[in-house]
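Below is one structure, written out as C-alpha cells, with a few remarks after it.
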Amino acid sequence: MVIKILGSGCANCKKLEANVREAVKEMGIKATIEKVQDFKDIMSYGVMKTPALVVDEQVKVMGRVPSVEDIKKILVNHDCPSNGWFALNLYASVTSQRLKALAFT
C-alpha cells in the first residue's frame, strides 16, 4: 500500500502525516508513506485544497485533517471496499488481537 500526503508542508500537512503514521502503526500494516509537495503533482490528482490523503493513487480526503480513527477506517475500507462487513470484522479482529497482546506484555 502506498499512502501519499499532499500539501505544502504546513502545520495541517504535518498533522495529517503524523495521524497516518500512527494509524499505520496501530493497525500493524505495511505501507509506504510519501510526501508530495510539488504543486503540479498535487494538481495532477485534482486536489484543490490541501492537505490531502491519497491511498494507492485514489484521493480519499482533501482539505481537512482526519483523525487517526478516521484514517484507520479509510485504510480498512480501501483494502476491502466491496465487502464492508468483512472489512469491519477484520478491523475488529486486528484490534482485539492487539488488545490481547498488550494485556500479556
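Quick note: the coordinates plus some simple rules give every number you see, no bench work behind them. Every value quoted in this text rests on a predicted model; they were computed, and no experiment measured them. In this analysis, Cβ positions are derived from the backbone assuming ideal geometry, glycine residues included, and neighbour counts consider all displayed protein chains.
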Going through Lys15/Lys40; Lys15/Lys35; Lys40/Lys73; Lys25/Lys72; Lys14/Lys73; Lys14/Lys49 one by one, the pairs whose alpha carbons sit over 18 Å apart turn out to be Lys15/Lys40; Lys40/Lys73; Lys14/Lys73
Calculated FRET efficiency, Lys25 and Glu57, Cβ-Cβ r, R0 30 Å, to nearest 0.05? 0.85
So for the pair Lys40, Lys15, with labels modelled 7 Å out along Cα→Cβ, what separation do we get in nm? 3.1 nm
